[in-house]
Amino acid sequence: MSREVAEAMKDQKKSGSLSKEAGSVVALSRRSVQKSQPYIAPSRDYSGNEIYLDANENPYAAPISLEMMMNRYPDSQPERVIERYAQFLGVDRAEVLVTLGGDSAIELLIKAFCEPKEDKLLYLPPTFGMYQVTCDLYDVETVMVPLREDFSLDLETLLAKLDGIKMLFLCSPNNPTGNVIPTKEIEAILEATRNKTIVVLDEAYIEFSDQASFATRVKEYPHLALVRTLSKAFALAGIRMGFVVADRGLIDILRRVIAPYPLPVPAIAAAEATLTAEGIATMKESRAKILKSREALKEALAAISIVERIYPSAANFLLVKVQDSQSLFDYLSKEGIFVRYQSSPALANMLRISVGLPEENDALIAAMNRYAESLTI
Ligand SMILES: *Cc1c(COP(=O)(O)O)cnc(C)c1O
């Protein structure tokens with residue numbers, strides 16, 4: 001990723017809206033699109049000169065050989081993928097919907113349940129940016145209940161704000177803070193929202209955590225929808241595959257909204273190959289390596305003078321508070337090491353660092369030490 005792209009990503013929030021001349025296609029687009037900010041995905045250089053610790057990917061890629069028929073349409077909902085994923089989760093097949101990445105699962109839920117300009121969606125910042133971005137595009141008003149300073153949930157305030165909320169988003173483990181919402185608190189929210197609010201629980205990082213998934217409990221809570229993905233622990237960010245796991249009544253509603261052929265044949269083939277017993281064993285091995293590396297990285301970071309705080313993490317990344325995140329981010333970018341800059345005021349001077357390969361983590365630590373030394377001279 002070039003320096004310019006890194007800058008562009010940081011400036012994304014600051015940049016203005018689209019300019020619109022009368023009669024232009026911009027003027028013809030929906031107002032919510034005109035007001036929206038484009039998501040600028042970094043272009044990357046995979047020549048081996050740069051280190052990417054900015055997107056919470058799993059660096060342990062497993063080789064996959066694929067056999068495919070590409071002249072035909074794929075299954076609209078790939079049977080074997082659903083069967084294997086349902087078995088992995090311990091749920092019924094009717095409780096799983098396959099989507100084009102977790103991002104499209106989020107979009108699908110908002111599209112299916114939230115009436116534009118009418119319904120309200122509640123979420124708990126600081127959290128995953130796509131919740132707000134998708135609501136903006138679909139003209140759904142958002143209500144925020146900020147997490148406390150230690151990023152724990154303010155349950156009392158949340159419960160007091162549920163009136164008139166159509167959909168509620170929870171993220172556990174939360175991106176970018178790394179902490180989980182305790183099971184008891186999620187249960188309390190699910191009881192308080194019965195028959196009133198759809199609760200979306202984003203479990204993108206659940207495989208890294210000790211906390212049990214709610215997947216096997218969707219029959220208990222017909223208003224609960226889980227968002228899952230193969231992008232993180234399963235090391236398949238490139239194939240764009242995600243899932244909604246919910247009681248079958250909720251899944252049936254989403255089936256009316258999803259595109260007829262949402263998944264390309266190569267993605268289906270890669271997912272089938274990865275969701276075998278062997279593929280799941282590989283995922284578990286890489287998870288063990290990542291968790292071990294995360295603890296080593298935490299220790300090494302704690303020993304660097306400019307590091308002020310490392311937040312507890314149940315995921316494959318660490319949220320780290322430093323003296324001056326802007327200047328450290330610039331320094332690391334120049335060295336070809338990319339971490340995730342945090343622009344929200346609640347995360348002032350924090351960076352999110354994905355756990356990489358041991359040698360990548362070592363390179364990061366070495367660069368941070370050089371940076372810290374340069375300050376003391
Ligand atoms: C990565 C991520 C997702 C889904 O990502 P996809 O690559 O679109 O599957 C969903 N929620 C959170 C919080 C994430 O970090």
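Normalising the average separation of contacting C-alpha pairs (under 8 angstrom, six or more residues apart) by the number of residues puts the relative contact order of the stretch 79-278 at 27 percent. Put simply, when 61-71, 169-179 are sorted by average Cβ atoms within 10 angstrom per residue, most first, you get 169-179, 61-71.
With all pairs of separate Cα atoms included, the chain yields a Kirkwood hydrodynamic radius of 21.9 Å. For the stretch 79-278, the C-alpha radius of gyration sits at 0.97 times the compact-globule guess of 2.2 N^0.38 Å, with N the residue count. Of the options Leu28, Pro262, Tyr221, report the single residue whose Cα projects farthest towards the positive end of the charge dipole of the chain (beta-carbon charges: Lys, Arg +1; Asp, Glu -1). Going by the charge dipole, the pick is Leu28. Annotation: extensible slack from Ala277 through Leu162 equals 37.2 nm (criterion: 0.36 nm per residue apart, minus Cα-Cα distance). With contributions of -39500 (n - 2.57) from each DSSP H run of at least four residues, the per-residue ellipticity at 222 nm computed over the chain stands at -11500 deg cm²/dmol.
Taking 13 Å as the straight-line reach from the Cα of Lys166, the aspartates and glutamates in range (excluding those fewer than 8 positions away in the same chain) are Glu115, Glu118, Asp119, Glu141. Dipole magnitude for the chain: about 600 debye, using +1 per Lys or Arg Cβ and -1 per Asp or Glu Cβ, origin at the Cα centre.
For the pair Ser152 and Glu220, label points projected 7 Å from Cα toward Cβ lie 2.2 nm apart.
A run of the chain free of exposed loop cleavage sites, with trypsin sites (Lys or Arg not before Pro) counted only in DSSP states other than H, G, I, E and B and at most 16 other beta carbons within 10 Å, reaches its longest extent at 220-377.
Residues whose amide H falls under 5 Å from that of Ala55, counting only those 5 or more places apart or on a different chain, are Ser354, with hydrogens built in the peptide plane. DSSP beta bridges confined to the chain are antiparallel in about 50 percent of cases. In terms of packing, defined here as the mean over residues of other Cβ atoms within 10 angstrom, the peptides 356-368, 123-135 line up highest first as 123-135, 356-368.
Report note on the peptides 197-205, 45-53: ranked by the mean count of other C-beta atoms within 10 Å, highest first, their order is 197-205, 45-53.
Values in this text are rule-based calculations from the coordinates and carry no lab data. Values in this document were obtained by computation on a predicted structure and should not be read as measured data. Reconstructed Cβ throughout: ideal geometry from the backbone, glycine too, with neighbour counts over all protein chains shown.
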